[in-house]
1. Residue under question is residue A:40, and the condition is that it be more than 9 Å from chain B (Cβ to nearest Cβ) and of a type in the set (S, T, N, Q); does it hold?
2. Quick one: in region B:22-59, of everything that is β-branched (Val, Ile, Thr) and under 13 Å from the mean Cα position of the chain (by Cα), which residue is farthest from the other protein chains (Cβ to nearest Cβ)?
3. Which residue pairs have Cβ atoms under 6 Å apart, sit 6 or more places apart or on different chains, and have a first residue in region A:1-20 that is more than 14 Å from chain B (Cβ to nearest Cβ) and a second that is surrounded by 15 or more Cβ atoms within 10 Å (Cβ to Cβ) and part of a helix (DSSP H, G or I)?
4. Can you work out which of the residues in region B:28-53 that are touching an Asp or Glu at 6+ places or on another chain (Cβ under 9 Å) and at pLDDT 95 or above is nearest to residue B:5 (Cα to Cα)?
5. Does residue B:9 satisfy the condition of being more than 14 Å from chain A (Cβ to nearest Cβ) and surrounded by fewer than 21 Cβ atoms within 10 Å (Cβ to Cβ)?
6. Any idea how many residues of region A:39-80 are in contact with a helix residue (DSSP H, G or I) (Cβ under 8 Å, 6 or more places away or on another chain) and farther than 18 Å from residue A:122 by Cα?
7. Could you tell me which numbered condition residue A:100 fails, if it satisfies all but one of (1) over 24 Å from residue B:88 (Cβ atoms); (2) within 14 Å of another protein chain (Cβ to nearest Cβ); (3) at pLDDT 95 or above?
8. If we scan region A:24-33, do we find a residue that is part of a helix (DSSP H, G or I), within 15 Å of the chain's Cα centre (by Cα) and closer than 20 Å to residue A:123 by Cβ?
Amino acid sequence: MKFDNQMTLVVDAKTKNESFIRSTIAAFCVEANPTLSEINDVKTAVSEAITNSIVHGYDGTDGKITIAVGLCNREVFITIIDQGKGIEDIQKARKPFFTTKPEQERSGMGFTVMESFMDNLIVKPNDSGGLIVHMKKKFGD
Amino acid sequence: MKIKFNLNSEAPHISFDGELDEHTADYVRLTLDSLLGEFADKAIDKVIFDFKKLSFMDSTGVGVLLGRFKKWNSKNLQICIKDPQPHVDRVLRISGIYQIMPLFV
């Protein structure tokens, strides 16, 4: 796919980077002229995917998260890749309230929020281990 | 994230200023639970979470709220939510939080 503009971030899988990643992606999307509500949707969905990589994928171990963002005709395409342990049953994990860590006060709503706030969500295993999350959203719909 | 509280007024409230995500969740959890003793001393049975300055919250925040509900409800302490920003309100609605923590109006 040919994008009007593109960027890729590679960051350590640390919770302190979450706010930075959200803000950076939001700033990058500004040229597509999203509404405040649309940009907050993107920030929230991205936050869910990053949290999932840190908490579930890497589970406290060191690792990197790659975030690729592309803009095309006022549509944003975001891909988030980790090399963590991945998800055994992706379909099950996408169901509302599903969590592998109930003892940690997890809501299990991460994928539901991503699905609700974006137009499309694809979750698939990374061939080299880990998880790939693709999501997109059209601004000005 | 900054948490301020006023437990001496007629409607005791706790104000959240900042972002509630995975990075701030533990701090929020610990700070809120550290107030439990004070609630008991003051015989408080209802607390308002003021979300006016809560600029961001994702489903990790929902988990924190669910955890407080379970822990605080067993001590007969009711929580209400006040003034959430629209995008925080959306996360709260999708996850059904208002069924256990009603909006304060």
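The values are calculated or read from the model by the stated rules, or taken from the named source; none is laboratory data. In this text the structure is predicted, and so the values were computed from the model without any measurement. So basically every Cβ, Gly included, is an ideal-geometry build from the backbone, and we count neighbours across all protein chains shown.
1. Details: more than 9 Å from chain B (Cβ to nearest Cβ): no; of a type in the set (S, T, N, Q): yes.
No, not satisfied.
2. In the first step, residues of region B:22-59 are kept if they are β-branched (Val, Ile, Thr); the result is B:24, B:28, B:31, B:44, B:47-48.
Next cut, under 13 Å from the mean Cα position of the chain (by Cα) only: B:28, B:31, B:47-48.
Working: B:28: 11, B:31: 15, B:47: 18, B:48: 21 Å.
For region B:22-59, the residue satisfying everything is B:48.
3. Pairs found: A:7/A:28.
4. Kept after step one, since they are touching an Asp or Glu at 6+ places or on another chain (Cβ under 9 Å), are these residues of region B:28-53: B:29, B:39, B:44, B:50-53.
Cutting the leftovers down to at pLDDT 95 or above gives us B:29, B:50-53.
Values: B:29: 14, B:50: 9, B:51: 12, B:52: 14, B:53: 13 Å.
Among those that are touching an Asp or Glu at 6+ places or on another chain (Cβ under 9 Å) and at pLDDT 95 or above, it is B:50.
5. Numbers: more than 14 Å from chain A (Cβ to nearest Cβ): yes; surrounded by fewer than 21 Cβ atoms within 10 Å (Cβ to Cβ): yes.
It is true that residue B:9 is more than 14 Å from chain A (Cβ to nearest Cβ) and surrounded by fewer than 21 Cβ atoms within 10 Å (Cβ to Cβ).
6. Number satisfying all stated conditions: 6.
7. All conditions are met except number (3).
8. Yes; the residues of region A:24-33 include at least one that is part of a helix (DSSP H, G or I), within 15 Å of the chain's Cα centre (by Cα) and closer than 20 Å to residue A:123 by Cβ.
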